[in-house]
Amino acid sequence: MKNLIAILFLSLHLCSLLNFSIAGRSSIASGVSGFANPSVTLRSSRHLLAEDSKISLEEHLRNLEELSKGYMTNSDLENAIMAFNRRCSSISRVYSIGKSVEGVPLWVMEISDKPGKQEAEPAFKFIGNVHGDEPVGRELLMLLANWICDNYMKDPLATLIVDNVHLHILPSMNPDGFQKRRRVNANNIDLNRDFPDQFFPMNDDHGLRQPETKAIMSWMEGIHFTASASLHGGALVANYPWDGTEDKKKYYFACPDDETFRYIGSLYSHHHRNMSLSTEFPEGITNGAHWYPIYGGMQDWNYIHAGCFELTLEISDNKWPNATELPTLWEYNKMSMLHLVASVVKAGIHGKIFSSDHGKPLPASIAIKGINYTIKAGETFADYHRLLAPGNNYEVVATMPGYKSKSTHIILGEEAMTVDFILDPVIANADDGFLQKSWDNNFLPWWQSKLFIMILILTFLCILRRRLLNRSKHRQNAGLKRPQL
């Protein structure tokens with residue numbers, strides 16, 4: 001009887017553990033997940049359960065045993081990360097951004113010619129295994145890291161990335177879910193629904209967020225990423241913001257940078273072996289809200305709160321394909337992954353912002369006229385990296401409190417463009433000579449702030465001297481008027 005109850009209890013969880021979609025089964029029949037008809041995968045990747053799946057308990061149990069064969073365990077993954085770092089120590093470092101619910105470190109590999117050093121370069125991040133039952137991403141990200149290591153100074157793309165980008169790779173955001181073979185984390189929370197949402201008051205209580213979510217958010221506070229991508233499974237498409245709508249209905253809901261997101265999404269899909277050939281998703285890309293809305297997603301949060309252009313990449317029709325398919329999936333996605341990272345250097349506009357009076361770097365804001373979205377230059381070098389769709393005319397505007405705004409018109413071609421700015425301090429009429437705005441010394445050049453203080457001190461001394469002289473004269477005059485005794 002006890003055994004029967006245990007089996008029944010286990011059966012309640014098996015759908016979430018396996019999450020086989022119709023697309024997954026059809027792709028196995030075809031031999032390679034990437035070749036499955038994309039129309040069959042409609043919306044399967046975002047559902048918690050594969051509702052159409054009709055598999056017996058015995059088949060579920062057998063599949064559960066088979067799922068992990070050929071995939072790295074969490075321990076294997078950690079060992080692979082450390083081995084990579086030892087082998088490629090000259091261009092990499094490994095660090096942890098936190099731990100999962102069950103205490104598994106969330107290891108990140110940074111790849112750069114100067115890992116761990118601040119540079120006037122864009123940063124890009126990859127995140128895999130957001131959902132525990134979608135493990136292809138963690139495998140492909142390890143292959144990506146090792147391929148770049150092996151091909152640095154040999155392959156132009158690998159060399160470009162190492163020399164000009166700080167690439168950060170988190171192979172597994174949800175190691176507990178992977179260990180349990182289920183979508184959610186150890187607290188039964190979908191991590192891609194755990195971020196603050198722009199439309200609805202959800203996940204606003206910091207104390208209630210999952211440790212994995214908190215780790216990502218803290219990570220973003222420390223590093224300003226230009227762009228990023230999370231790797232998922234269950235479909236074959238590049239998904240871009242917005243992921244939700246104001247009324248929770250399904251329709252195309254564009255973010256301010258819709259054209260730019262369509263560009264970088266197409267960049268990925270067209271370098272993929274067959275993603276752009278999809279009959280379900282034109283050009284292999286989709287607006288998330290048009291596919292169907294989700295709330296509390298990581299993608300929209302990145303764009304709104306972190307100034308980071310993030311894609312959600314569905315890279316395998318089957319959530320958990322046979323491990324023998326991994327080499328093929330790597331070959332199909334390799335060039336897409338490399339070109340997406342390289343885009344933060346090869347596309348858009350880049351530059352630095354300085355003060356005209358003494359050349360100090362200014363952490364100013366960069367806006368594009370007609371696009372309701374701004375990014376901020378870095379604090380140390382005042383460098384900015386702004387992705388934009390090529391082939392358009394843009395008016396670029398640099399603003400900084402205490403300085404006059406400046407703008408310039410550009411025609412952006414297929415290659416990246418450098419646009420530097422030199423901003424002038426805002427000064428009032430020459431009659432008074434004082435700064436018109438912001439008394440905050442953080443926004444004032446050091447010599448102007450010190451000069452202002454000196455002027456105040458000198459003015460005070462002059463007033464004090466005048467009062468002392470007046471008092472002395474008054475006493476002298478009073479003495480002369482006294483009657484003679």
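The values are calculated or read from the model by the stated rules, or taken from the named source; none is laboratory data. Just so it is clear, the structure is predicted and the values come from calculations on it, not from any experiment. Counting neighbours? That spans all protein chains shown, and the Cβs are built from the backbone with ideal geometry, glycine included.
So the values come out like this:
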| quantity | calculated |
| --- | --- |
| Residue in the range 150-158 that is touching a strand residue (DSSP E or B) at 6+ places or on another chain (Cβ under 8 Å) and aromatic (F, W, Y) present | no |
| The range 149-196, subset part of a loop (DSSP other than H, G, I, E, B) and at pLDDT below 95, residue surrounded by the most Cβ atoms within 10 Å (Cβ to Cβ) | R182 |
| Selection from the range 242-252 of residues that are closer than 19 Å to D194 by Cα and touching a Pro at 6+ places or on another chain (Cβ under 9 Å) | W242, D243, G244, T245, K248 |
| Flag if L313 is among the hydrophobic types (A, V, I, L, M, F, W, C) and crowded, with 24+ Cβ neighbours inside 10 Å | yes |
| Hits in the range 92-102 (condition: surrounded by fewer than 19 Cβ atoms within 10 Å (Cβ to Cβ) and touching a Ser or Thr at 6+ places or on another chain (Cβ under 8 Å)) | G98 |
| Residues being at negative phi, out of contact with any strand residue (DSSP E or B) (no Cβ under 6 Å at 6 or more places or on another chain) and surrounded by fewer than 20 Cβ atoms within 10 Å (Cβ to Cβ) - total across the range 103-114 | 2 |
| Criterion (touching a Lys or Arg at 6+ places or on another chain (Cβ under 9 Å) and modelled with pLDDT of 95 or more) met by exactly one of E280, E310 | E310 |
| Check on P122, more than 30 Å from R181 (Cα to Cα), surrounded by fewer than 21 Cβ atoms within 10 Å (Cβ to Cβ) and not small (G, A, S) | no |
| Checklist (1) in a loop (DSSP other than H, G, I, E, B); (2) surrounded by 17 or more Cβ atoms within 10 Å (Cβ to Cβ) applied to F199, failing item | (2) |
| Single match in M220, M153 (criterion: on the phi > 0 side of the Ramachandran plot and aliphatic (A, V, I, L, M)) | M153 |
| Residues of the range 126-145 that turn out to be at positive phi and surrounded by fewer than 24 Cβ atoms within 10 Å (Cβ to Cβ), as a count | 0 |
| Every residue from the range 63-80 that is loosely packed, with under 14 Cβ neighbours inside 10 Å, over 23 Å from N151 (Cα atoms) and modelled with pLDDT of 95 or more | T73, S75, D76 |
| Matching residues, the range 344-365, being under 29 Å from A158 (Cβ atoms) and of a type outside the set (G, A, S) | V344, V345, K346, I349, H350, K352 |
| Filter result for A83 (of a type in the set (G, A, S) and surrounded by fewer than 19 Cβ atoms within 10 Å (Cβ to Cβ)) | yes |
| Contacts under 6 angstrom Cβ, first residue in the range 276-288 being under 19 Å from D257 (Cβ atoms), partner in a loop (DSSP other than H, G, I, E, B) and among the charged types (D, E, K, R), 6 or more apart | G288/D243 |
| Single residue of the range 223-244 satisfying the filter (β-branched (V, I, T) and not in a strand (DSSP E or B)) that is nearest to the chain's Cα centre (by Cα) | T226 |
| Search result, residues across the range 346-356 that are over 16 Å from S405 (Cβ atoms) and either among the β-branched types (V, I, T) or crowded, with 17+ Cβ neighbours inside 10 Å (or both) | A347, G348, I349, H350, K352 |
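Yes or no, residue by residue, for (1) part of a strand (DSSP E or B); (2) more than 19 Å from the chain's Cα centre (by Cα); (3) on the phi < 0 side of the Ramachandran plot:
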position	(1), (2), (3)
E78	no, yes, yes
G98	yes, no, no
V101	no, yes, yes
G116	no, no, no
E119	no, no, yes
F124	yes, no, yes
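Yes/no matrix, rows are residues, columns are (1) in contact (Cβ under 8 Å) with a residue 12 or more places away in the chain; (2) buried (at least 24 other Cβ atoms within 10 Å of the Cβ); (3) part of a helix (DSSP H, G or I):
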residue: W219; (1), (2), (3): yes, no, yes
residue: E246; (1), (2), (3): yes, no, no
residue: Y251; (1), (2), (3): yes, no, no
residue: G265; (1), (2), (3): yes, yes, yes
residue: R273; (1), (2), (3): yes, no, no
residue: P293; (1), (2), (3): yes, no, no
residue: D300; (1), (2), (3): yes, yes, yes
